[in-house]
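Below is one structure; the comments refer to it alone.
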Amino acid sequence: MLPGAVIGATFAPGFTEDLSSWRLVIDDEGNLFQDIKVSTHENQWQGEQRQEYFFIGQDKVIQLLLTAEEVGFMSYKDSYDISVTDQALHVLSIRFGECEKTVTAYGAAWLAYEGDADMKGFLELWKAVHQYAPFPAK
């Protein structure tokens, strides 16, 4: 992650009509920066680049870090995947002081549905982070 960043997220869709992907970084002051590649039927899946900025504030950053701690994010394996094709890819990175953890999950929703406790917690944290993402629009 970049210096000053405490939370990072990356999303790449599975097989779907909207192939838009994005990544975001939230710094310790609550600044959220998002890079987006919009790939939809409307733009003939050309991958139009966009950037968004949103200020969430330090209180929200602290809440996100507390959620990461509550779900046990730092104890997760580095990678989770499933042998089913066309699933979404989710990546979360969290920095607690000097410790940094990145978890890559291919098919997180499927794994959570199948009962994987780590993926249930991962998706809880994902939802908490994603609620602040400017894209896709809420």
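Each value in this text was obtained by applying a stated rule to the coordinates, not by laboratory testing. Nothing here was measured: the structure is a model prediction, and the numbers come from that model. All Cβ positions, glycine included, derive from the backbone under ideal geometry; neighbour counts span all protein chains shown.
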In the set L111, L65, the lone residue that is over 27 Å from L19 (Cβ atoms), surrounded by 15 or more Cβ atoms within 10 Å (Cβ to Cβ), out of contact with any Gly (no Cβ under 9 Å at 6 or more places or on another chain) and not charged (D, E, K, R) is L65
*Hey, does segment 57-69 have a residue that's farther than 17 Å from N31 by Cα and either in contact with a Cys (Cβ under 8 Å, 6 or more places away or on another chain) or not in a helix (DSSP H, G or I) (or both)?*
no
Of the residues in segment 15-41 that are over 18 Å from Y106 (Cβ atoms) and among the polar types (S, T, N, Q), the one that is surrounded by the most Cβ atoms within 10 Å (Cβ to Cβ) is Q34
* Look at T104 and say whether it is under 25 Å from E17 (Cα atoms) and of a type in the set (S, T, N, Q). => yes
When F11 is run through (1) surrounded by 16 or more Cβ atoms within 10 Å (Cβ to Cβ); (2) over 14 Å from W126 (Cβ atoms); (3) of a type in the set (F, W, Y), the failure sits at (2)
Filtering segment 57-86 for residues that are more than 15 Å from the chain's Cα centre (by Cα), of a type in the set (V, I, T) and farther than 19 Å from E114 by Cα leaves a count of 1
Q.
When you scan segment 126-134, do you find a residue that is within 16 Å of the chain's Cα centre (by Cα), surrounded by fewer than 14 Cβ atoms within 10 Å (Cβ to Cβ) and not in a helix (DSSP H, G or I), even just one?
A. yes
If we keep only residues of segment 72-106 that are out of contact with any strand residue (DSSP E or B) (no Cβ under 8 Å at 6 or more places or on another chain) and small (G, A, S), then the residue nearest to A12 (Cα to Cα) is S83
Exactly one of Y76, Y80 is closer than 20 Å to W22 by Cα, surrounded by 19 or more Cβ atoms within 10 Å (Cβ to Cβ) and hydroxyl-bearing (S, T, Y), and that residue is Y80
**Asked** Got at least one residue in segment 81-96 being more than 28 Å from G4 (Cβ to Cβ) and charged (D, E, K, R)?
**Response** yes
